[in-house]
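Notes follow once the structure below has been shown.
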Amino acid sequence: MIEGIPVEDDKSTPLSDKFSNLTRSNIKLLGIAISMAIIMLLVSLQGWIIDDVVDEIKKDLGIYDRVPVWERSEWPYTTDQANGFVMEYGDYELLETENEWSSTHHFVNFELPLSEGGSAPNGVVSLAVWLPNVPEGVTVPVIAEFGPYFDEVSVETPSIEVPGTWLGQMIIDQILPHGYAFAQVSVMGTGRSNHCMDLMGNAEQLGVDAAVTWLGTQDWSNGAVSMIGKSYDGSTPWQAATFGNEYLKTIVPISGLIGVMELMWKNGSSEARAPIMHNGVYGSYGVDGDEEDIGNLCPDYIIGPGTGVAAYMWGGEFAGTYWEERYFLDRVLQNYEGSVYLIQGMHDWNVDPHMAIPVINQLIDAGIESKGLFGQWDHDYPDRPDYHFDRSGEGRGREAYPQMVRFDWMQDLLEWFDWYLKGVGDKPGLFVEIQSNQGQWRIEDRYPPQDMETISLDLGGGLMNVAGGTTTILPNGNFGPIYESEAFTENIWISGLPRLHIDVSTATVGGQIYALLEDCSEDGYCIHIGHAIMDLRYHEGGNQEQTWLPIFDTINAKMEFFAMDVQIEAGHTIRLSLASTGEDYLPASTSSIVEVSEGSSSNLLIDIINPEDKLLFNPPSCTHQACLDWLNQTA
């Protein structure tokens with residue numbers, strides 16, 4: 001590995017001030033001299049040696065080439081700061097305005113259907129824009145973040161004209177100088193946008209679409225808009241993509257939602273926050289004690305609490321069109337004509353990875369140009385070493401630290417935006433970058449991958465009952481049956497979506513199963529590698545309730561674990577523990593005693609890959625202090 005020139009940097013210094021001792025003309029003269037030196041060198045060399053020598057010279061001079069991800073560890077990225085940095089400095093400064101943040105504020109007016117109540121038909125969206133100082137007549141694409149957290153009195157966030165410290169400031173400092181505008185947009189019912197807090201409903205979606213069109217039709221815009229954001233702000237890009245808006249060219253959802261019910265229910269099982277999500281979690285947004293609060297009196301805001309409780313008690317069908325309106329993926333697959341750069345933490349506790357896996361394959365199969373970046377962090381951006389360290393724990397990503405920190409991410413975004421918003425540079429690789437729980441990154445065409453070997457372990461056979469022989473799951477949350485495999489004779493690498501198909505009988509029509517999967521070492525120490533949960537009313541999978549005759553009928557619960565990518569060492573075992581609930585899920589509203597039937601029709605199905613068939617790579621090494629401290633501690 002070639003040691004690159006260290007890049008001195010400071011998070012607080014704008015990139016426009018970098019190289020302040022060099023004029024652009026000096027930089028150009030330096031570039032010409034370097035180019036001449038390289039040309040002279042090329043004349044005297046032949047064959048494959050040429051490329052290697054050119055790369056060596058560029059690295060020594062700090063000149064960046066756009067290289068594939070598996071070569072980036074050899075280049076001198078900034079890896080000692082609290083976030084990533086681009087490798088290429090832009091030509092443009094931020095266009096100054098009358099306020100200290102160099103932004104301008106705008107309102108976008110659009111028509112709301114009268115059925116939405118509240119402020120209908122007069123919808124108003126609030127947004128702020130930052131522009132680069134480009135020559136007259138030059139138009140630029142727009143990168144936008146839409147969400148409820150700008151200018152929001154109830155959570156004490158600053159004015160929308162102030163760039164968000166979590167992402168906005170980084171885009172303004174690093175990507176805007178390359179000839180991009182940046183916008184922050186308040187969704188309906190938040191900030192200075194009117195109407196009610198619709199929690200991703202139709203009114204919010206229409207407001208998002210109207211703002212995308214406004215950004216794409218300004219005289220300074222080239223007509224190409226991208227949306228990026230994390231969590232709620234990572235859900236609004238999916239909303240925008242449902243319309244097939246001609247100006248929306250690419251989206252970058254980071255731990256975003258493909259649907260609201262899909263966030264909080266898994267196979268009918270409900271998270272603790274699910275019944276109160278609309279008004280309990282976001283209910284105060286947009287309420288600031290003035291006369292405009294009357295705008296919150298819209299139908300979905302009023303019925304919001306009831307829909308959550310109804311879904312918990314009786315299933316989603318009792319909520320009418322409330323959940324259907326808030327499911328985005330089907331319309332995205334049907335209408336969207338742009339590209340998707342999908343980012344997800346494999347240990348995200350807030351937005352579980354089923355929002356991205358197997359969604360990435362559904363996008364690919366629909367012909368949507370897509371890339372995935374799936375690391376072992378939780379509810380975070382890919383390039384934050386402090387957050388990754390603080391928020392990961394044993395069995396929850398810590399084993400993959402610090403390799404999980406992707407200091408090349410900002411450069412990756414720049415190259416993605418250059419291609420999909422400007423049509424310049426090289427087309428990005430349309431593949432999935434996936435990291436194992438032990439830190440190893442690799443490339444996959446799809447995720448879960450195709451053509452894997454499947455191992456089937458029967459309950460009572462390949463998985464032996466080690467909990468005193470009990471097969472009963474009581475509705476008290478305590479673990480009942482516990483199964484463990486024999487020690488593996490060689491290393492195995494589990495990938496994708498393991499399944500647990502298990503025969504059970506119940507005392508009533510109901511019940512729930514939580515399954516915990518652990519990796520256990522030779523000394524019996526076990527760590528979490530994955531989990532699954534299912535309300536047995538949905539034992540066939542999907543969202544259709546099933547019925548059966550309790551006690552008399554045996555049903556086969558087709559459970560699917562949340563996505564995992566796990567390396568198990570030779571000599572270790574897999575342990576499967578069953579209970580009525582776990583993690584942050586509620587007990588079933590139809591609690592019941594559940595009896596497990598062991599045998600060949602109750603089995604754990606795991607898919608494994610052969611690493612020798614894969615392209616493995618390492619990202620630029622983290623030299624941030626938290627990373628070094630952790631490496632020294634573990635050494």
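Might you let me know whether the stretch 300-308 holds any residue that is at pLDDT below 95 and in contact with a Cys (Cβ under 7 Å, 6 or more places away or on another chain)? Yes, some residue in the stretch 300-308 is at pLDDT below 95 and in contact with a Cys (Cβ under 7 Å, 6 or more places away or on another chain). Looking at Glu545, Glu522, Glu540, just one residue is acidic (Asp, Glu) and either part of a helix (DSSP H, G or I) or within 28 Å of Trp441 (Cα to Cα) (or both), and that residue is Glu522.
Of all residues in the stretch 479-510, those satisfying the criterion of being in a loop (DSSP other than H, G, I, E, B) and more than 22 Å from Tyr538 (Cα to Cα) are Glu486, Ala487, Phe488, Thr489, Glu490, Asn491. Annotation note: Cβ proximity below 7 Å between a residue of the stretch 108-121 that is under 21 Å from Phe146 (Cα atoms) and hydroxyl-bearing (Ser, Thr, Tyr) and a residue that is surrounded by 22 or more Cβ atoms within 10 Å (Cβ to Cβ) and at pLDDT 95 or above (sequence gap 6+ or interchain) occurs for Ser119/Leu112. Pairs meeting the criteria (first residue in the stretch 174-197 and more than 17 Å from Val129 (Cβ to Cβ) and assigned by TED's automatic domain parsing to the domain that holds Ser126, second residue β-branched (Val, Ile, Thr) and surrounded by 24 or more Cβ atoms within 10 Å (Cβ to Cβ), beta carbons under 7 Å, at least 6 apart or on different chains) are Gln174/Val86; Met197/Thr190. Against the list (1) at pLDDT 95 or above; (2) in the same structural domain as Ser485 (by TED's automatic domain parsing), the condition Leu586 fails is (1). For Ser154, the conditions (1) assigned to a strand (DSSP E or B); (2) surrounded by fewer than 17 Cβ atoms within 10 Å (Cβ to Cβ) all hold with the exception of (1). Quick one: is Asn267 more than 25 Å from Ile533 (Cα to Cα) and either at pLDDT 75 or above or surrounded by 19 or more Cβ atoms within 10 Å (Cβ to Cβ) (or both)? Taking the combined requirement at face value, the residue does not satisfy it.
If you go through the stretch 168-194 and keep only what is assigned to a loop (DSSP other than H, G, I, E, B) and of a type outside the set (Lys, Arg), you end up with Ile175, Gly179, Tyr180, Val187, Met188, Gly189, Thr190, Gly191, Ser193, Asn194. Scan the stretch 396-450 for residues that are outside any loop (DSSP other than H, G, I, E, B) and of a type in the set (Phe, Trp, Tyr) and the total you get is 6.
When Thr236, Thr242 are checked against the criterion of being at pLDDT 95 or above and surrounded by fewer than 24 Cβ atoms within 10 Å (Cβ to Cβ), Thr242 stands alone in meeting it. Criterion first (crowded, with 16+ Cβ neighbours inside 10 Å and touching a residue at least 60 places away in the same chain (Cβ under 8 Å)) does Thr489 satisfy it? No. May I ask you to list the residues in the stretch 615-635 that are among the aromatic types (Phe, Trp, Tyr) and under 23 Å from the mean Cα position of the chain (by Cα)? If the condition is that a residue be among the aromatic types (Phe, Trp, Tyr) and under 23 Å from the mean Cα position of the chain (by Cα), then Phe617 is the only one that fits.
The values are calculated or read from the model by the stated rules, or taken from the named source; none is laboratory data. Only a predicted model underlies this, so the values are computations on that prediction, with no experimental measurement involved. For neighbour counting, all protein chains shown are included, and Cβ atoms are generated from backbone atoms with ideal geometry for every residue, glycine included.
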